[in-house]
Amino acid sequence: MLYVDYEADSVEAAIKKAVQELDLNENDIITEVLSEGKRGLFGIARKELAKVRIYYKEKNNIDTVLGDIENLIAYLDQNAKLDIRKISDNRYDIVVNSNNVSHFIGKKGKTLKAVQTLVNSFVQKHKKDCSVIVDIDQYNTRREGQFAKWAEIQAREVIKTKRAIIVKSLNAYERRIIHMEISKFDNVETESKGEGRIKNIKIKYTGR
């Protein structure tokens, strides 16, 4: 088990501080009181803070991420069911099963895109080396095929004209599709440009 020491004005305050900072419940920890602290003359001033040692098991961060996602989907639709598929240790696909598909997808996929943005924020907070993709009614699967076909057309255009193309305002999911599709072609490559989560991609000719 892991452990960390906390100090406060009282043992109770030190334990409360620990569970808040560790994001745990008191049932999840074992507490060893190292010192109850000492008060000064007449109990007016404390000379020594109370000190406790908190033993705990490290959380499985992906469980935290998936729990946050389940709460988010339940907020949008209490009757929705999730099919969570572990693709690898660092990749999970989540398929939402709902009777209100259009509600989740939104106009031109904007609602689903917003959900994915929130999911990405959960991942960044708890498990940065993991990828979690949310889909409903195979919307992203169909869109991925369309996007890959579009990327193929752009690659052929760059090869034909030998002139670079800049594709603007892409999220990580969209950039991944373009990178993967363009990598199938000789004499053309991609380069991400910009800062933050939304970036541009430059598709450029590398032949002679």
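What are the residues in the range 179-203 that are touching a Lys or Arg at 6+ places or on another chain (Cβ under 9 Å) and closer than 17 Å to Trp150 by Cβ, if any? If the condition is that a residue be touching a Lys or Arg at 6+ places or on another chain (Cβ under 9 Å) and closer than 17 Å to Trp150 by Cβ, then Glu181, Phe185, Val188, Thr190, Asn200, Ile201, Lys202 are the ones that fit. Just one of the listed residues (Asp89, Asp77) is of a type outside the set (A, V, I, L, M), at pLDDT 85 or above and in the same structural domain as Ser131 (by TED's automatic domain parsing), namely Asp77.
The C-beta contact set for the range 64-86 (first residue more than 20 Å from Lys128 (Cβ to Cβ), second residue part of a helix (DSSP H, G or I) and aliphatic (A, V, I, L, M), distance under 8 angstrom, 6+ apart or interchain) comprises Ile73/Val115; Leu76/Val115; Ala80/Ile73; Ala80/Ala74; Leu82/Ile69; Leu82/Ile73.
Annotation note: Cβ proximity below 7 Å between a residue of the range 155-178 that is modelled with pLDDT under 85 and a residue that is part of a loop (DSSP other than H, G, I, E, B) (sequence gap 6+ or interchain) occurs for Asn171/Arg197; Asn171/Ile198; Ala172/Arg197. The numbered conditions (1) within 18 Å of the chain's Cα centre (by Cα); (2) small (Gly, Ala, Ser); (3) modelled with pLDDT of 90 or more are all true for Ala151 except (1). Out of Gln146, Gln116, one residue alone is closer than 22 Å to Ala74 by Cα and not small (Gly, Ala, Ser). It is Gln116.
Filtering the range 51-68 to residues that are aliphatic (A, V, I, L, M) and modelled with pLDDT under 90 leaves Ile62, Val65, Leu66. When restricted to residues that are among the acidic types (Asp, Glu) and under 20 Å from Arg85 (Cα atoms), the range 133-163 contains 3. All conditions but one from (1) in a strand (DSSP E or B); (2) in contact with a Cys (Cβ under 8 Å, 6 or more places away or on another chain) apply to Val95; the one that does not is (2).
The values are calculated or read from the model by the stated rules, or taken from the named source; none is laboratory data. No experiment lies behind these values; they were computed from the predicted model shown. Ideal geometry is used to build each Cβ from the backbone, glycine not excepted, and the neighbour counts take in all protein chains shown.
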